[in-house]
Every structure is written in structure tokens, then in C-alpha cells.
Amino acid sequence: MKSPLLSQPGAVPAEGPDEDVAAHYGDLFREQRALAAGTGLVDLSHRGVVTVTGDDRLSWLHLLLTQHVSELPAGQATEALVLSAHGHVEHALYLVDDGTTVWIHVEPGTQGELIAYLESMKFFYRVEVADRTGEFAVVHLPAGSIAEVPDGVVVRETAYGRDLFLPRADLEEYAAEAGPLAGILAYEALRVEAHRPRLGFETDHRTIPHEVGWIGSAVHLQKGCYRGQETVARVHNLGKPPRRLVFLHLDGSEVLLPGRGTPVRLAADGEEGRQLGFVTTSARHHELGPIALALVKRNVPVDAELLAGKTAAAQEVVVEP
């Protein structure tokens, strides 16, 4: 669903799964600095919006998700995953309950598959699942923002800012009031800086939560059964994940950023050395310069200098080996 804010002055469309919103509005670093300072608004209206209503909504979701939500207080934000039977990450959910409805936003285009799974698990529970993407748009206000939230708008408040489930018809008017606008590239650069994984970027078909740092934030280790729990418990109690997420400081002399999937190798082995991982997201940060997240094999030394493609990279530990 293409955002109407792409018609704003300076708007340049993003690429890939974010193509329906703006990459930036003409000044990437100004937009980043505004978000870091607690001002501005990010258009996330391309994300899927799903609601769950009914008396059993929290107890039912508790059985299906990796997070403890059976007693989730109204207004408290959390995040959760849906795993495969083998413990691989299939969906990432960002949710809040408003007292009568659970509001969820997910990666663009993934809401259909999520809803199909939820519908298949309803059985006798008193719940209703709905795709509300056509009615509601997600917008993000950074931490520290003093922008007013319209009456009746559901808010998901986190340490990184507030996600608003805004009526889609009000998007342009609210953006004009709460701006200045910041594009998805500014938002993503701050996400990379904060080491926060994103489904489809830091994950692939075999990712387990431990590899990218979702244990704790999206996976509760003390809750009851859910699909994929055996893998989560086994790796946590008896082993180590095969890969780990790292943060990379990239050589700023290179003109191009290494894209997703770029091989990561030991710098000592050169560009023809054995591949030890791959870049998941790269960004240009207003203070740190070029940065990236990458998945590498667990046994890569934490102090090893790396190459991301042709670009020299110094690593910081995100997930302990």
C-alpha cells in the first residue's frame, strides 16, 4: 500500500520491502539527527496491521507466541515471535493491548500469512482476528518526542519511541502537524546502531532467536509450551547457537555500502578467504559513519578484523559466542 507521503517535497522512494514509503526526504543526516534529538515522524504505513479481539485473546496468544502475554497489562508494549516446529523464526510481532483489542504491526506483506496461521489455531477460543492494514497506518515518533497523540489513537510506547496506530485517512494531516518527516533510512540507521534485529534482514529461513539477540526481548524463557519451544530450551540450556549477530564499523573510505548478503570473511584471509557470514543490514550513520549488522559463525574470534566484501570492518559483540 503506497504511502500518500511519497508526494511530499523531496521524497525519494525506498527499495525492497520498504518501497511503499520514503527512503528520505532530501537530507538523510538531518533526518537522523532530528530523530536522535527526539523530533520528527517516520512513516511506517507500509507495515501490516493485525488486531485480535475477544475475551480469550491474551490467553490464546500466550499459547502461540514466544512471549508471556497472558497477563499483559493494557498499554504495555511487547514483542513476540512465531516459530516453526523446528524453532526457526517465521514472524516477528510488535504488539500492545488496549484493554479490549490486541494491536499488532508486522513486516510489510507478512500479515496475510500470519493471519492464516492464527485462524488455523482458533479452535474453540473466543477470538477474532482481522487485517486492519487498509484502515490503519503505523507512524513512529522517536523517544523524547513531544508531539501530541490524537484522542483515541492506540499507542505502543517503547524505549525507542512511540508507534501509533493512526487511522489511515488521517495520515497526511497528522504528518503535517507532527513532522518534520524522516525517511526509513534514518530510522534504519538508528535501528542498526541500537543492534535491533529485523525480520527478513537479520533473519533467514534457518534463524533461531538466540542468534540475533531476541532472547528476553521477544522470547520469554519461563513460559509454557508453544511451537518451537523445544529448540529454544535446548539451545539455551545445553548448547550455543551456530551463528551470532555482530555490529560492524565499516571503513569510511569506501564509496558503496556492502549490501545485504555480502560475504563476511577474516581480513587476514583476504577477499578469497572462506566465507564466515554475511551482512544483514548496512547504513550510513550521522555520527558513526558507515555501519552494519552481520551474522557470522559463532566461533569467529570476537577480536578478529573482518572484511565485508571488499570493505574492512571492525566488529562489536552483540550476541555472545
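The values are calculated or read from the model by the stated rules, or taken from the named source; none is laboratory data. Since the structure is predicted, the reported quantities are computational estimates derived from the model, not experimental observations. FYI the Cβ positions are ideal-geometry reconstructions off the backbone, even for glycines, and counts take in every protein chain you see. Remember, those area values only see protein heavy atoms, side chains included, never the ligands or the DNA or RNA. Shrake-Rupley method; radii C 1.70, N 1.55, O 1.52, S 1.80 Å.
The figures follow:
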item	result
Long-range neighbours under 7 Å by Cβ, at least six apart or interchain, first residue among the aromatic types (Phe, Trp, Tyr) within region 82-102, second crowded, with 18+ Cβ neighbours inside 10 Å	94/79; 94/104; 94/105; 94/156; 94/163
Residue 97 vs. criteria more than 16 Å from the chain's Cα centre (by Cα) and open to solvent by less than 30 Å² (accessible area, probe 1.4 Å)	yes
Of all residues making up region 96-145, the number that are more than 14 Å from residue 199 (Cβ to Cβ) and either hydroxyl-bearing (Ser, Thr, Tyr) or in a strand (DSSP E or B) (or both)	22
Residues (touching a Ser or Thr at 6+ places or on another chain (Cβ under 7 Å) and either free of Cβ contacts under 8 Å to residues at least 24 places away in the same chain or open to solvent by 70 Å² or more (accessible area, probe 1.4 Å) (or both)) located in region 274-321	278
Pairs with Cβ under 7 Å, 6+ apart, first in region 8-31 and farther than 13 Å from residue 44 by Cβ, second buried (at least 17 other Cβ atoms within 10 Å of the Cβ) and among the acidic types (Asp, Glu)	24/31; 25/31
Lone unmet requirement of (1) over 19 Å from the mean Cα position of the chain (by Cα); (2) surrounded by 15 or more Cβ atoms within 10 Å (Cβ to Cβ) for residue 75	(2)
Among residues of region 15-27, those that are out of contact with any Pro (no Cβ under 9 Å at 6 or more places or on another chain) and surrounded by 20 or more Cβ atoms within 10 Å (Cβ to Cβ), counted	1
Residue selected from region 190-204 under the condition out of contact with any helix residue (DSSP H, G or I) (no Cβ under 8 Å at 6 or more places or on another chain) and not in a loop (DSSP other than H, G, I, E, B), by the criterion nearest to residue 47 (Cα to Cα)	191
Check on residue 230, open to solvent by 60 Å² or more (accessible area, probe 1.4 Å), assigned to a helix (DSSP H, G or I) and closer than 16 Å to residue 84 by Cα	yes
Selected residue [of a type in the set (Val, Ile, Thr) and closer than 16 Å to residue 192 by Cα] from 300, 279, 255, 264	279
Condition check for residue 256: farther than 30 Å from residue 31 by Cα and surrounded by fewer than 20 Cβ atoms within 10 Å (Cβ to Cβ)	no
Strands (runs of 3 or more DSSP E) within region 10-53 that include 1 or more residues out of contact with any Gly (no Cβ under 6 Å at 6 or more places or on another chain) and closer than 15 Å to residue 160 by Cα	41-44
Members of region 108-128 that are open to solvent by 10 Å² or more (accessible area, probe 1.4 Å) and under 22 Å from the mean Cα position of the chain (by Cα)	108, 109, 110, 111, 112, 113, 115, 116, 117
Residue under evaluation residue 187, criteria (1) part of a helix (DSSP H, G or I); (2) surrounded by fewer than 23 Cβ atoms within 10 Å (Cβ to Cβ), criterion not met	(2)
Residue in region 205-223 that is at pLDDT below 95 and open to solvent by less than 50 Å² (accessible area, probe 1.4 Å) present	yes
Filtered residues of region 35-70 (kept if open to solvent by 20 Å² or more (accessible area, probe 1.4 Å), under 30 Å from residue 190 (Cα atoms) and of a type in the set (A, V, I, L, M))	36, 37
Residue 236 vs. criteria in a loop (DSSP other than H, G, I, E, B) and within 23 Å of residue 299 (Cβ to Cβ)	no
